[in-house]
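The values are calculated or read from the model by the stated rules, or taken from the named source; none is laboratory data. Source: prediction; values computed, not measured. Backbone-built Cβ (ideal geometry, glycine too); neighbour counts: all protein chains shown. Accessible surface is based on the protein model in full, side chains and every heavy atom, while ligands, DNA and RNA are left aside. Shrake-Rupley method; radii C 1.70, N 1.55, O 1.52, S 1.80 Å.
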Amino acid sequence: MRFSRMHLPTLKEVPAEAEVASHRLMLRAGMIRRLAAGIYSYLPFGLLALRNVEEIVRQEMNRAGAQEVLLPAVQPAELWQESERWDFYGKELLRFKDRHQRDFCFGPTHEEVITDLIRHEVRSYRQLPLNLYQIQTKFRDEIRPRFGLMRGREFIMKDGYSFDVDDAAATISYQSMRAAYGRIFSRCGLDFRAVEADSGAIGGNFSHEFVVLADSGEDAIASCEKCDYAANIEKAQSKFVETAVPEVKSDSAAAETVATPDCQSVDEVAAFFKVSPAKIAKSMIFESDLGFCMVVVPGDREVNEFKVKAELKANWLEIPAPGRVADELGLPVGYLGPLGVDIPVLVDREVPQMGVMVCGANRAGYHLKGVCWERDFSSKEIADLVVVNAGELCPRCGAALQIDRGIEVGHIFKLGTKYSEKLNATFLDQDGKEKELVMGCYGIGVGRTVAAAIEQNHDENGIKFPYAIAPFKAALLNLDMKSEEVTAFCEKLYQEFLERGIAVLYDDRNERPGVKFKDADLLGMPVRLTLGRKGFKRGIIEVKLRDSSTSQEFPLDDLEPLWSLFSELQADDTRI
RNA sequence: CGGGAUGUGGCUCAGCCUGGUAGAGCACUGCGUUCGGGACGCAGGGGUCGGAGGUUCAAAUCCUCUCAUCCCGACCA
């Protein structure tokens, strides 16, 4: 492609909205433009990168035996009512009516549609296993879209669905997808981890997330330094270490009520009693579809809402407004405690080890001191309810856990029969018995993968595209457009790139050299070729890798080394 | 949905507090000079100051409402 003819509007200045590197660079490199909150147009340069990721996804999905389909983006409400997600999915589901006032939604995911398709098509175990995928625009009406393509409302996603005869077969499908995902992200040149994850609203009982490591990532993952345990922080557990609890003599003073004006936070209470926050029992009210409950954890720990939700077996969980807690429960937020409340109390497994502790008195302005587990807590049920910290011990091998940040680019789930049950998708097995299809579903955020790649591969000058997803593999800079011989050579070289099928961006613009260098760095082509009058006289062309600070010179009369370089880069990229 | 902030040429922002002629840089057009790391000069084009209402002789500026966007917490590829 000739730069002079390409719509590639690079920006010197950064639009104010861009917070993270990938968003900033994608705007500056003329890859995307914002139309509305979380909704972007893909410009030619951005679309090329996107298509490269899609192509890798297609190759690896096909290789794993999946077949590509394309399902409708607009879906009838009936299907979602049948799966009972019409009410359940919430406001993320973009709903609208057609001219006949029939309810529809714009698909945020396609379990319903694919299951509906399959239930009409698949009758026999002989037709299984089946694995279908599509690459399509989805819409999720996120409350807070941000970071450009990282969290858009409209986004391109590869979603795949597998159908098997039983759980064992479904596991095989799942493992095969897990392997394919590893190949996909490796080929995209990403440093990633496959971690155990919460399966969220999609449902199901077993899932892995593929997380690209990046400090700007929105997800945190815990991984073991020694073994291969890795989990999303939402799900991560640690080995419980029992410590000696200071014994409380039976004749020791009972819990005592103390006036603690203006001490609502754990820190304030700890300061008031001159004890460490670890000695404060932090009590919080949660509300779920099962009603209110209280969760008690040590004051220096953070409640893991996902664990609470799982422990309760609730469908949803949130922290109610303090006003509601006061109105409906008569409890003063800031002075909550587990003693004498008449709603279920969930206690973290570390609380019994706190010894003598302080907690709220359920009376505004008062706390209790001298509280102890054995004597004072009415329910003795405990569970793991806190967010793991770095340095805690691996639940598998006992080595230390580390916490990293990352970007979730893929997620695979074993769904089981959740949707086939609801939608009555069955087949006849070998014995002529009717059975429900066992499903799996597999997603990849295509745009997010591009964003993650940039997040992980950039410097202060711009993008450093991994070769496989680079929109152009090379930038050819003609620094002397007015020199006929230089231009003639560049033209010849450009043609040879075209013949060899290596995507090149030929900068033939009437611009000063500085502009061309800056744009080449910003756009991040892996290889930069520079030819100017001086070099031409010396019979050399300058070759520089974007990822390297040094350059080398190749003779103009023998460019074989150049083509070998591209062969090597190409090979690296398909090797897995 | 809560909490905070911002809306002024395509982009980044100043002007607002203290009402009185809409500004700068970048980008764009033309001409000239320049030409290996985002050049310079001259001349231009482009803005209902987010929208509506109000106060006032007079509103980008003050008031009310509204819309949009961004940032901090719950959703997810």
Counting only DSSP beta bridges with both residues in chain A, what percent are antiparallel, rounded to the nearest 5? 80
Rounded to the nearest 10 Å², the accessible area of A:E305 at probe 1.4 Å: 70
How large is the charge dipole for the stretch A:426-566, taken about the Cα centre, if only the Cβ atoms of Lys, Arg (+1) and Asp, Glu (-1) carry charge, to the nearest 20 debye? 480
Within straight cross-link reach of A:K12, meaning Cα distance under 30 Å, which lysines are found once same-chain residues fewer than 8 apart are removed? A:K464, A:K473, A:K482, A:K516, A:K518, A:K534, A:K544
The stretch A:472-574: spread of alpha-carbon positions along the three principal axes, whole Å, largest first, is 39, 29, 25
Once Lys and Arg are counted +1 and Asp and Glu -1 for all other residues with Cβ under 13 Å from that of A:G334, the total becomes -1
By accessible area (1.4 Å), largest first, A:K537, A:K274, A:K414 order as A:K274, A:K537, A:K414
For A:A314, what charge total do you get from the other residues with a beta carbon under 11 Å from its beta carbon, if Lys and Arg give +1 and Asp and Glu give -1? -3
Taking the dipole of the stretch A:311-460 about the Cα centre (Lys, Arg +1; Asp, Glu -1; charges at Cβ), the one of A:S420, A:L385, A:M439 that reaches farthest to the positive side is A:L385
What is the stretch A:472-574's relative contact order, in percent, from Cα pairs under 8 angstrom and six or more apart in sequence? 27
Taking C-beta distances below 4.7 angstrom as the pairing criterion, name the unpartnered cysteines of chain A, in sequence order. A:C105, A:C188, A:C263, A:C293, A:C359, A:C372, A:C441, A:C490
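What length, rounded to one decimal in nm, is gained on full extension from A:R144 through to A:R533, with 0.36 nm per residue of separation minus their alpha-carbon distance?
Difference between extended and current length: 134.8 nm.
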With θ set to phi - 60° and the Karplus curve 6.51 cos²θ - 1.76 cosθ + 1.60, what are the ³J(HN,Hα) couplings of the stretch A:84-89 in order, to the nearest whole Hz, using x for Gly and Pro? 6, 9, 4, 8, 7, 5
From the cross-link list A:K309/A:K435; A:K279/A:K307; A:K235/A:K369; A:K91/A:K307; A:K158/A:K309, which pairs have alpha carbons spaced over 25 Å apart? A:K309/A:K435; A:K235/A:K369; A:K158/A:K309
Assigning unit charges at the beta carbon (Lys, Arg +1; Asp, Glu -1) and nothing else, what dipole magnitude in debye, to the nearest 20, does the stretch A:5-161 show about its Cα centre? 620
Return one number: the angle in degrees, 0 to 90 and rounded to the nearest 10, between the long axis of the Cα atoms of helix A:446-456 and the longest principal axis of the Cα atoms of chain A. 90
May I have the convex hull volume per residue, in Å³, for the Cα set of the stretch A:256-383? 93
Run the helix sum for chain A: -39,500 (n - 2.57) per DSSP H stretch of 4+ residues, divided by residue count, reported at 222 nm to the nearest 500 deg cm²/dmol. -8000 deg cm²/dmol
Potential extension, A:F88-A:I172 segment - 0.36 nm per residue separation minus Cα distance: 27.2 nm
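Defining a contact as two alpha carbons under 8 Å apart and six or more residues distant in sequence, what relative contact order in percent does the stretch A:1-129 show?
Values: 104 pairs, mean separation 19.0, N = 129.
Over the stretch A:1-129, the number comes to 15 percent.
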At R0 = 60 Å, FRET efficiency that the Cβ-Cβ distance of A:E19 and A:D431 yields, to 0.05: 0.55
Once label points are set 7 Å from the Cα along Cα→Cβ at both A:A179 and A:R363, what is their separation, rounded to one decimal in nm? 6.6
Any lysines with Cα under 22 Å of the A:K433 Cα? List them, leaving off those in the same chain fewer than 8 positions away. A:K418, A:K422
So the angle from the long Cα axis of helix A:484-500 to the longest Cα principal axis of chain A, reported in degrees to the nearest 10, equals 60
Could you report the accessible area of A:M1 in Å², rounded to 10, computed with a 1.4 Å probe on the protein chains as they sit in the structure? 80
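Go through A:D342, A:D219 and list them by solvent-accessible area, largest first, probe radius 1.4 Å. Kindly include the intermediate steps, with their values, before the conclusion.
Details: A:D342 145, A:D219 30 Å².
Heavy-atom accessible area, descending, gives A:D342, A:D219.
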At 7 Å along the Cα-to-beta-carbon direction for both A:Q67 and A:T550, put a label point, then send me their distance in nm to one decimal. 5.4
Tilt of helix A:513-523 relative to the longest C-alpha principal axis of chain A, in degrees (0 to 90, nearest 10)? 40
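Quick one: with all protein chains in place, what share of the accessible area of chain A is carbon or sulfur, to the nearest percent (1.4 Å probe)? It would help to have the intermediate numbers written out before the result.
Details: 12970 of 26690 Å².
Carbon and sulfur: 49 percent of the exposed surface of chain A.
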So the FRET efficiency between A:I540 and A:C397, C-beta based with R0 = 45 Å and rounded to 0.05, is 0.20
Backbone HN-Hα couplings from phi across the stretch A:564-572 [Karplus 6.51/-1.76/1.60, Hz, Gly and Pro as x]: 5, 4, 5, 4, 5, 4, 4, 5, 3
Once you put a point 7 Å from the Cα of A:F240 and another 7 Å from the Cα of A:S265, both along the Cβ direction, what distance in nm separates them? 3.1
Out of the stretch A:22-106, which trypsin sites (Lys or Arg not before Pro) are coil in DSSP terms and have no more than 15 other C-beta atoms within 10 Å? A:R99, A:R102
Using +1 on the beta carbon of Lys and Arg, -1 on that of Asp and Glu, and nothing else charged, what's the dipole of chain A about the Cα centre, debye to 20? 1460
Apply the Kirkwood formula to chain A: the hydrodynamic radius equals the inverse of the mean of 1/r over all pairs of different alpha-carbon atoms; give it in Å with one decimal. 27.5
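Ratio to report: Rg/Rh of the stretch A:1-89, with Cα atoms as the point set and Rh obtained by the Kirkwood method; give two decimals.
Values: Rg = 18.6 Å, Rh = 16.6 Å.
With Rh from the inverse mean 1/r over Cα pairs, Rg/Rh is 1.12.
Residue separation times 0.36 nm, minus the C-alpha to C-alpha distance between A:A326 and A:D289: what's the value? Don't skip to the answer; put the middle values down first.
Numbers: separation 37, 0.36 × 37 = 13.32 nm, distance 1.90 nm.
Going from the current span to full extension adds 11.4 nm.
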Solvent-accessible area per residue for the stretch A:225-345 at a 1.4 Å probe radius, Å²? 56
Just read off the accessible area of A:S173 with the full protein assembly in place, 1.4 Å probe, to the nearest 10 Å². 20
Ranked from the most accessible area to the least, with a 1.4 Å probe and all protein chains present, what is the order of A:R324, A:R538? A:R538, A:R324
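Pairs of alpha-carbon atoms within less than 8 angstrom and 6+ residues apart define the contacts here; what relative contact order does chain A have, in percent?
Once divided by the residue count of chain A, the mean separation gives 17 percent.
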Could the peptides A:443-449, A:224-230 be put in order, highest first, of the mean number of other beta-carbon atoms found within 10 Å of their residues? A:443-449, A:224-230
